[in-house]
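Each remark here refers to the structure printed beneath this line.
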């Protein structure tokens, strides 16, 4: 099992990503509202207010997708969907994708077929 994590810096594209996930058989995910450290510091901590200009055009809130996936092919397909929707993640500001191997997972419905 693997935890797929994608921090989506363009929340307006979230629905398209999730629709793509369903099409490849990834039917479970948790979506969390998230805020990057730079955005938080420049907005909520007065001493860092001077950093606001560095984050011009950045979204205030990101969306973080968490999904536990057992099939490596689905993880690869999910990454392709993300890049098809977002563009290459090599360009800063679009999002961050990573996976984490999981040793012990409980509470998930067994995958069919």
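Tallying residues that are under 25 Å from residue 1 (Cα atoms), in contact with a helix residue (DSSP H, G or I) (Cβ under 8 Å, 6 or more places away or on another chain) and not in a helix (DSSP H, G or I) within the range 74-98 yields 3.
Looking for something in a strand (DSSP E or B) and either modelled with pLDDT of 95 or more or over 28 Å from residue 1 (Cα atoms) (or both) - is there at least one such residue anywhere in the range 17-30? Yes; the residues of the range 17-30 include at least one that is in a strand (DSSP E or B) and either modelled with pLDDT of 95 or more or over 28 Å from residue 1 (Cα atoms) (or both).
Would a scan of the range 44-63 turn up a residue that is modelled with pLDDT of 65 or more and either within 20 Å of residue 1 (Cα to Cα) or crowded, with 16+ Cβ neighbours inside 10 Å (or both)? Yes - at least one qualifying residue is present in the range 44-63.
Of all residues in the range 20-30 being more than 23 Å from residue 90 (Cα to Cα) and over 12 Å from the mean Cα position of the chain (by Cα), which is surrounded by the most Cβ atoms within 10 Å (Cβ to Cβ)? My answer is 26.
The values are calculated or read from the model by the stated rules, or taken from the named source; none is laboratory data. Being a predicted model, the structure only gives us computed values, none of them experimental. Cβ: placed from backbone, ideal geometry, glycine included. Neighbour counts: every protein chain shown.
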